[in-house]
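One structure, as structure tokens, below. Some questions next.
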Amino acid sequence: MERRSLFKVKLVVVSLLLILFPIMVHAQAEQTKQGPPPIGQPLIREGTLAVKLVFALGLGTTDDQTEAETILGEAGITPRNGWIADYPVTPDIIGELQKSINDAVDAKKISMGKEEALKRFNDVNAELSLAVKPHTDGKTYEETPPGAENYPEPTVINNYYNNQGPPVVTYYAPPPDYYYLYSWVPYPFWWTGFWFPGFFILNDFHRTVIIDRRVAFVSNHFNDVRRHRVFRIDPVTRFRGRTFAGIGVSRTRGFISTGVPRSDRRIFNGPRARTIPGSRMAAPTSRGSRMAAPPSRGTGMSVPSPRGGRMISPAPRGGGMVSPPSRGGGRSIQRGQRK
């Protein structure tokens with residue numbers, strides 16, 4: 001009798017565990033799943049990233065951003081146009097730094113392997129809330145966990161702009177009334193399982209940020225104090241390699257000259273007055289409109305839609321769902337419906 005009673009108790013316990021186990025797993029998945037990125041992205045300066053990265057890669061220890069940028073530049077680790085302390089870290093810059101780190105490892109300028117170097121780079125990005133990974137053609141990506149939240153609705157995006165103002169960097173198409181303020185940079189990337197064909201960035205911006213109780217700036221305007229001029233870095237021409245050079249650029253050929261010796265330090269990494277830049281502006285000129293045109297058909301790149309504030313990819317024939325151009329993964333983006 002005692003054995004039968006003990007067996008029944010064990011059977012009941014096992015049955016309860018089998019019933020509760022799926023619930024526990026589901027609850028854990030609900031806690032760990034990631035939602036979509038925020039509408040306004042965190043503004044992280046290149047100078048801030050450089051200080052943390054030089055330490056993470058074992059190249060030195062310094063709190064001086066110009067020194068950190070110089071050390072990284074000597075190792076060949078720079079964005080495409082060099083380091084510019086007050087410029088924001090955008091997805092294309094993360095991709096450029098990742099490539100330069102790989103090249104630095106191959107050139108034996110870093111005393112560690114690629115896997116370790118990239119892990120430390122990603123750890124620094126995660127610490128700064130830069131959860132961006134460049135899209136690589138031919139690479140297999142894991143699917144987004146089932147039940148992940150959808151991309152923000154147009155109403156949510158519109159309310160953000162009305163209440164918070166236009167963000168400097170956003171991964172979602174701005175509302176129609178704000179669209180003219182932005183440029184589109186066609187650089188595909190992933191954000192914790194969510195795929196984007198590019199991002200939007202304001203044509204002109206100068207924002208104040210507080211870092212370690214100090215006032216700093218995120219800006220694409222840079223002063224030539226002696227000649228009373230302001231140089232503007234255009235986000236699209238920077239992406240295409242036609243802009244001004246910062247710290248770490250070994251060959252200045254192909255970059256726009258300011259006519260000022262050592263402008264990479266005096267202008268683009270020099271001390272900044274705590275005022276908004278003046279009205280006189282010297283900027284690289286581009287043909288046609290200031291607004292970057294979305295990629296044309298046939299390029300394999302998705303096109304941002306100005307309607308409804310949502311990123312939309314061209315729909316294939318016979319369906320309204322579009323998947324990112326990779327094997328085995330990523331969320332599909334559903335075309336919004338008009339009401």
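The values are calculated or read from the model by the stated rules, or taken from the named source; none is laboratory data. For clarity, every value in this text was computed on a predicted model and none was experimentally measured. Note that each Cβ is placed from the backbone with ideal geometry, even for glycine, and that neighbours are counted across all protein chains shown.
Would you check if V236 is surrounded by 16 or more Cβ atoms within 10 Å (Cβ to Cβ), touching a Gly at 6+ places or on another chain (Cβ under 9 Å) and either within 21 Å of Q65 (Cα to Cα) or at pLDDT 85 or above (or both)?
Spelling it out, it is not the case that V236 is surrounded by 16 or more Cβ atoms within 10 Å (Cβ to Cβ), touching a Gly at 6+ places or on another chain (Cβ under 9 Å) and either within 21 Å of Q65 (Cα to Cα) or at pLDDT 85 or above (or both).
Being surrounded by fewer than 19 Cβ atoms within 10 Å (Cβ to Cβ) and in contact (Cβ under 8 Å) with a residue 24 or more places away in the chain narrows it down to one of P154, P188, so name that one.
Within the list P154, P188, the selection yields P154.
Oh, and also: What's the total number of residues in the range 203-213 that are in a loop (DSSP other than H, G, I, E, B), of a type outside the set (F, W, Y) and closer than 15 Å to L43 by Cα?
Number of matching residues: 2.
Quick one: how many residues across the range 213-231 are over 20 Å from the mean Cα position of the chain (by Cα) and under 21 Å from P91 (Cβ atoms)?
Counting residues in the range 213-231 that are over 20 Å from the mean Cα position of the chain (by Cα) and under 21 Å from P91 (Cβ atoms) gives 0.
Also: For the list (1) part of a helix (DSSP H, G or I); (2) under 19 Å from T192 (Cα atoms), I need the number of the one condition that A117 fails.
(2)
Still on this model: Does the range 97-104 include one or more residues that are touching a Phe, Trp or Tyr at 6+ places or on another chain (Cβ under 8 Å), over 30 Å from A173 (Cα atoms) and either among the β-branched types (V, I, T) or surrounded by fewer than 23 Cβ atoms within 10 Å (Cβ to Cβ) (or both)?
Within the range 97-104, one or more residues are touching a Phe, Trp or Tyr at 6+ places or on another chain (Cβ under 8 Å), over 30 Å from A173 (Cα atoms) and either among the β-branched types (V, I, T) or surrounded by fewer than 23 Cβ atoms within 10 Å (Cβ to Cβ) (or both).
Look at I77 and say whether it is modelled with pLDDT of 95 or more, in contact with a helix residue (DSSP H, G or I) (Cβ under 7 Å, 6 or more places away or on another chain) and in a helix (DSSP H, G or I).
no
Ok, one more. Considering only the range 230-267, state which residues are of a type in the set (V, I, T) and in a strand (DSSP E or B).
V230, I247
Could you please let me know if T237 is among the hydroxyl-bearing types (S, T, Y), at negative phi and without any contact (Cβ under 8 Å) to a residue 40 or more places away in the chain?
no
Then there is this: Among the numbered criteria (1) part of a loop (DSSP other than H, G, I, E, B); (2) at pLDDT 90 or above; (3) over 20 Å from P88 (Cα atoms), which one does Y180 miss?
(1)
Follow-up. For the range 80-114, how many residues meet the condition of being under 14 Å from the mean Cα position of the chain (by Cα), in a helix (DSSP H, G or I) and over 14 Å from L53 (Cβ atoms)?
3
Within the range 198-221, track down each residue that is more than 21 Å from P37 (Cα to Cα) and in contact with a helix residue (DSSP H, G or I) (Cβ under 9 Å, 6 or more places away or on another chain).
N203, D204, I211, A216, N220
Please work out which one of (1) out of contact with any Ser or Thr (no Cβ under 7 Å at 6 or more places or on another chain); (2) assigned to a strand (DSSP E or B); (3) at pLDDT 95 or above is the condition F200 fails and give its number.
The single condition F200 does not satisfy is (1).
Moving on to the next point. Quick one: in the range 239-253, which of the residues that are loosely packed, with under 12 Cβ neighbours inside 10 Å and over 19 Å from the mean Cα position of the chain (by Cα) is nearest to I44 (Cα to Cα)?
S250
Starting from the range 214-229, take each residue that is outside any strand (DSSP E or B) and list its partners that are buried (at least 21 other Cβ atoms within 10 Å of the Cβ) and of a type in the set (V, I, T), counting only C-beta distances under 7 angstrom and pairs at least six apart or across chains.
N220/I233
For the subset of the range 49-68 comprising residues that are in contact (Cβ under 8 Å) with a residue 60 or more places away in the chain and more than 19 Å from V105 (Cβ to Cβ), which member is surrounded by the fewest Cβ atoms within 10 Å (Cβ to Cβ)?
Only one residue tops the list, namely T66.
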